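Heads up, the thing below is written out as structure tokens.
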Amino acid sequence: MNKNGRKEMKLKRLAALLLCAAVMLPLAACAKKPDSGTSRTSQTTDDTTVTPTKDGYTSITATDKDNKGAAAQDLMQGITKGKGASKKPDSRFANVAASFALDLFKDEYKSGKNTLVSPLSVLTALAMTQNGAEGKTLSEMQKVLGGLDRDTLNAYMNAYLAAVAGKDSALKCANSIWVDSKLDVKRAFLQKNADFYSAQAYKADFTSTRTVKEINSWVSKNTNGMIKKLVDQFDPLTVMVLMNALCLEAEWSDPYTDNCVSEGTFKNAKGNLVKAEYMYSQETEYIETENATGFVKYYKGGKFAFVALLPNEGTSIDSYIASLTGRDFLKALGSRKSEKVNTQMPKFKCEYSNSLVDTLKKMGMSTAFDGDRANFSSMATLKNENIYISDVIHKTFIEVAEKGTRAGAATAVIVGESAAMPVEQPKKVRLTRPFVYAIIDTRTNLPLFIGAQTDI
């Protein structure tokens with residue numbers, strides 16, 4: 001490509017990675033249990049605007065004249081974000097977070113299906129909810145979240161979120177709590193989640209279409225429009241919603257050039273060959289374990305990186321995922337070698353949405369979903385009725401290397417040998433069949449997002 005062509009491509013360059021996640025935990029009164037499909041996702045536009053206020057929180061205004069019901073009210077009056085305890089992430093936290101991540105991923109993965117979860121998003125939403133739990137509900141949540149006591153987890157999360165999603169970071173994190181007008185929410189609960197998670201809080205009418213629009217507007221704003229709508233309506237018994245939104249937009253440190261892209265075929269989980277557009281590069285960090293090989297490709301700044309893990313020939317993607325543990329994942333990343341590796345990676349896009357109720361129950365958190373036994377007495381009270389988690393909605397989106405991301409000073413693919421002087425050949429990792437991938441924080445190697453691409 002000539003200089004003018006490269007310049008033009010630079011001007012057209014988009015982000016190399018668009019990736020986001022949203023988690024919503026609706027809590028309901030226990031008069032009757034809601035239907036399993038109370039919250040459904042779709043991709044439509046909303047009619048509300050979200051603007052920052054002087055105190056750093058967010059004001060939400062509905063613009064649709066047909067919206068019914070009162071607008072959500074700010075519950076942060078009188079609550080000033082304090083400086084919660086902070087505990088620098090160490091090996092203990094890394095092991096806990098990695099174990100939670102891989103357990104969540106393995107339980108969500110369905111044979112042969114593209115899957116993408118954000119352990120950080122789910123962990124953040126559950127940690128916020130845990131601040132209102134007591135008794136067996138709290139003990140089960142603590143066990144699922146790694147066995148750390150509530151205060152310790154809050155301190156770890158406070159420091160970790162500040163490190164990975166602080167000012168000027170490519171990763172954006174936002175939290176909010178929405179409370180029905182009939183619910184008496186504990187101010188200590190709001191204060192704790194403001195201190196540790198910078199959580200906003202709003203009083204809303206969950207029977208109002210306006211509230212649905214406002215919540216979807218909040219999600220859209222905090223995922224940069226990649227998730228425009230998370231919920232269509234709420235069950236009549238919904239009294240509170242806790243939400244987390246994560247969004248990462250980053251460019252490759254070494255973008256792919258136009259001549260490093262070509263068409264090929266991908267052998268999917270069913271054994272069928274499908275067309276794919278491949279990107280070729282030479283990376284400098286190689287991963288090799290007993291049953292997989294892989295590589296690391298960095299984003300600008302080096303704070304985040306893309307990790308690919310390809311099961312060895314003869315090892316199915318299902319059995320490989322089933323065998324993975326948090327300790328295995330950290331060990332693989334920790335033992336990566338500074339070694340040239342020729343890579344072949346397909347462009348891909350994945351949208352994933354699911355209820356996490358069954359997965360979290362399987363992981364050991366059942367009481368929180370039981371209308372009769374759940375104990376969220378430190379969260380809120382409701383006259384003559386108990387409250388419990390009715391659902392956990394998780395939605396993710398990723399788009400890797402869309403058209404326009406290929407320009408820039410990329411490292412060219414180097415293939416071949418010298419007849420005059422033998423040169424050690426680089427390793428090869430060709431992602432031409434199902435693989436596992438993750439977006440990691442390079443300081444801890446923890447997966448912020450982890451997925452399986454089984455088809456293109």
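The values are calculated or read from the model by the stated rules, or taken from the named source; none is laboratory data. Since we're looking at a predicted model, the values are computed, not measured. Backbone-built Cβ (ideal geometry, glycine too); neighbour counts: all protein chains shown.
The table for this structure:
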{"quantity": "Top-ranked residue of segment 253-277 - restricted to ones that are modelled with pLDDT of 95 or more and among the β-branched types (V, I, T), ranked as farthest from L431 (Cα to Cα)", "calculated": "V274"}
{"quantity": "Residues being touching a residue at least 24 places away in the same chain (Cβ under 8 Å) and under 22 Å from the mean Cα position of the chain (by Cα) - total across segment 199-239", "calculated": "21"}
{"quantity": "Output for segment 146-163, where each listed residue is of a type in the set (A, V, I, L, M, F, W, C) and surrounded by fewer than 24 Cβ atoms within 10 Å (Cβ to Cβ)", "calculated": "L148, A155, A159, L161, A162, A163"}
{"quantity": "Positions within segment 131-142 being surrounded by fewer than 24 Cβ atoms within 10 Å (Cβ to Cβ) and under 23 Å from the mean Cα position of the chain (by Cα), in sequence order", "calculated": "E140, M141, Q142"}
{"quantity": "Residue, surrounded by the most Cβ atoms within 10 Å (Cβ to Cβ), within segment 294-315, restricted to residues that are under 24 Å from the mean Cα position of the chain (by Cα) and among the β-branched types (V, I, T)", "calculated": "V307"}
{"quantity": "Hits in segment 406-456 (condition: farther than 19 Å from N291 by Cα, modelled with pLDDT of 50 or more and hydrophobic (A, V, I, L, M, F, W, C))", "calculated": "V423, I439, I440, L446, L448, F449, I456"}
{"quantity": "Test: residue in segment 259-281 that is in the same structural domain as S176 (by TED's automatic domain parsing) and in contact with a Gly (Cβ under 7 Å, 6 or more places away or on another chain)", "calculated": "no"}
{"quantity": "Residue that is surrounded by the most Cβ atoms within 10 Å (Cβ to Cβ) [pool: residues in segment 188-207 that are more than 19 Å from L161 (Cβ to Cβ) and not aliphatic (A, V, I, L, M)]", "calculated": "F206"}
{"quantity": "Of the criteria (1) in contact (Cβ under 8 Å) with a residue 24 or more places away in the chain; (2) surrounded by 15 or more Cβ atoms within 10 Å (Cβ to Cβ); (3) not charged (D, E, K, R), which one T325 fails", "calculated": "(2)"}
{"quantity": "Pairs where the first residue, in segment 73-85, is of a type in the set (D, E, K, R) and the second is assigned to a loop (DSSP other than H, G, I, E, B), C-beta under 8 Å, 6+ apart", "calculated": "D74/T53; D74/Y57; K81/G56; K81/S198"}
{"quantity": "Flag if G301 is at positive phi and modelled with pLDDT under 95", "calculated": "yes"}
{"quantity": "Residues of segment 235-275 satisfying the condition of being out of contact with any helix residue (DSSP H, G or I) (no Cβ under 8 Å at 6 or more places or on another chain), surrounded by fewer than 21 Cβ atoms within 10 Å (Cβ to Cβ) and not in a loop (DSSP other than H, G, I, E, B)", "calculated": "E249, N259, C260, V261, S262, E263, G264, T265, K267, L273, V274, K275"}
{"quantity": "Qualifying residue in segment 170-183 (condition: assigned by TED's automatic domain parsing to the domain that holds N244, out of contact with any strand residue (DSSP E or B) (no Cβ under 8 Å at 6 or more places or on another chain), closer than 20 Å to V219 by Cα and modelled with pLDDT under 95)", "calculated": "no"}
{"quantity": "Single residue of segment 66-93 satisfying the filter (touching a Phe, Trp or Tyr at 6+ places or on another chain (Cβ under 7 Å) and not in a loop (DSSP other than H, G, I, E, B)) that is modelled with the highest pLDDT", "calculated": "F93"}
